[in-house]
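Below: the structure, in structure tokens.
Where a number appears in this text, it was derived from the coordinates with a stated rule and is not lab data. The shown structure was predicted, so the numbers you read here are calculated from the model rather than taken from an experiment. Positions of Cβ are generated from backbone atoms using ideal geometry, with glycine treated the same way; all protein chains shown enter the neighbour counts.
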Amino acid sequence: MFLWSDGAVYHVPTQPGMITDIALQPGEGLIAVAAGDTARWIIGDTRSGEGEAEQTHVLVKPFTQGLSTNLVITTNRRTYHLELTSADQDGMTALAWTYPLDALLAVARAKKAAEASAPVAQGIGVEQLYFGYVITGDHATWRPVRAFDDGARTYIEFPASIGQGEAPPLFLVDGHGKAELVNYRMKGRFYIVDRIFEAAELRLGTKDQKIVRITRGGRP
């Protein structure tokens, strides 16, 4: 089992009369396989499993001992560089990789998804939330879905795509139209402001600035 590292060259000993199975990551799509010496090596590929568990296997077999060549495998996720050699013994029957970066990214994605789905106003009943906010202005991709408050804090909910681009800063606007940058924290796809405001604006860009205004109505 190899540890995957981008740009690394992996030495793979093979043996005449024996197939070496090079297993790719489950779900990884094969694009092409290229070898320096295709006259004295048999190279093919096959698949195992179904759906997300489907796995590609690149199969190599030397005609004789004392050979060496390089093998490049390109997929929809990465490029593998291998150095193949053949000897009369000690050939590898199978090999695969572990992908530590993928594991870390999966954990990060799971954590982010959990944070995004977690309620932002925990322990507060719906009857305590005020939804009388009006959202106007430009129809930017990050335009909020809604805004509400719990009497102490204001929550601004964005579309799920907010994490895919630059997020807009938030400005409070007073009765004279003066804007002031306000502190807030981001939890999942929510901005949380530790105060109630009457009007605020989200602004992003310079030449082609997008502005979205959030206005609070009076409590009934």
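Taking the beta-carbon count within 10 Å as an exposure proxy, list I162, I19 from fewest neighbours to most.
I19, I162
Over the chain, what is the percentage of antiparallel beta bridges among all DSSP beta bridges, to the nearest 5?
Once the DSSP bridges in the chain are tallied, antiparallel ones form about 85 percent.
Within the chain, what is the longest stretch that has no chymotrypsin sites (Phe, Trp or Tyr not before Pro) placed in a DSSP loop and near at most 13 other beta-carbon atoms within 10 Å?
That would be 132-220.
If neighbour count is taken as other Cβ atoms inside 10 Å, put T98, T20, T75 in order from fewest to most.
Fewest-to-most Cβ neighbours within 10 Å comes out as T98, T75, T20.
According to the square roots a ≥ b ≥ c of the eigenvalues of the Cα gyration tensor, what is the shape class of the chain, taking rounded for a/c under 1.5, prolate for a/b larger than b/c otherwise, and oblate for the remainder?
Values: a/c = 4.64, a/b = 3.34, b/c = 1.39.
Because a/c hits 1.5 or more and a/b exceeds b/c, the chain counts as prolate.
In whole angstrom, note down how far apart the Cα centers of the range 40-82 and the range 126-150 are.
53 Å
So, how do all the Cα-to-Cα distances of the range 2-98 break down into 10 Å bins, in percent, from 0 on up?
Result, from short to long distances: 16, 52, 28, 4 percent.
Using a ≥ b ≥ c from the Cα gyration tensor of the range 126-216 (square roots of the eigenvalues), is it rounded, prolate or oblate, where a/c under 1.5 gives rounded and otherwise the larger of a/b and b/c decides, a/b for prolate? Mind dumping the intermediate values first?
Working: a/c = 1.69, a/b = 1.20, b/c = 1.40.
Judged from the Cα gyration tensor, the range 126-216 comes out oblate (a/c at least 1.5, b/c at or above a/b).
Take D208, D21 and order them by how many other Cβ atoms sit within 10 Å, fewest up front.
D208, D21
Compute the long axis of helix 100-117 from its Cα atoms, compare it with the longest principal axis of the Cα atoms of the chain, and write down the angle in degrees, 0 to 90, nearest 10.
20 degrees
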